[in-house]
Amino acid sequence: MEKAWYFAAGAAVGFVLGTRFGRQTYEKMRDQSLEAWHNPTVQEKVGGATETVKEKAPKVQQKVGALAQKITHHGADGTDTSVTTAPTTGVPLEEAPGPAPAAPAPAVTEPTPPTGGKHTSSPN
């Protein structure tokens, strides 16, 4: 039992010191990163990169679209896959069995109010 107390005390001291030094290290790194981010040279490079991306985006979009179109019409081995097949059977999707029919929903019936007697609930 005594070892458990020593372990708990050591863990508590380690946690407090680790938290304190960890927080100081975190704040130091945060301050350095903010200082670097607000550096005019860094902001100039960020602006240049943003402009480059804006200029190149339409060309990249066209190339990706053309590549996607090509991939959807030809398999990896060069065969034409324009007739899509079921994933496991190799049967064209038009001939593949559909999902199992859903079970019919149970009938919902409205409860009927009791007949006769006094109505005892009060209005809200």
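The values are calculated or read from the model by the stated rules, or taken from the named source; none is laboratory data. Everything numeric in this text was worked out from a predicted model, so none of it was measured. Note that we place each Cβ from the backbone using ideal geometry, even for glycine, and neighbour counts take in every protein chain shown. Surface areas here come from the heavy atoms of the whole protein model, side chains and all, with no ligands, DNA or RNA. Shrake-Rupley method; radii C 1.70, N 1.55, O 1.52, S 1.80 Å.
Rundown of residues vs (1) in a helix (DSSP H, G or I); (2) within 31 Å of the chain's Cα centre (by Cα); (3) at pLDDT 85 or above; (4) not aliphatic (A, V, I, L, M), yes/no style:
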| site | (1), (2), (3), (4) |
| --- | --- |
| 33 | yes, yes, yes, yes |
| 41 | yes, no, yes, yes |
| 51 | yes, yes, yes, yes |
| 60 | yes, yes, yes, no |
| 67 | yes, yes, yes, no |
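Name the pairs whose Cβ atoms lie under 6 Å apart, with the first residue in the stretch 1-17 and modelled with pLDDT under 85, the second open to solvent by 80 Å² or more (accessible area, probe 1.4 Å), and 6 or more positions between them or separate chains?
As it stands, the answer is none, since no pair meets every condition given.
Would you check if residue 91 is surrounded by 10 or more Cβ atoms within 10 Å (Cβ to Cβ) and either at pLDDT 65 or above or aromatic (Phe, Trp, Tyr) (or both)?
No, not satisfied.
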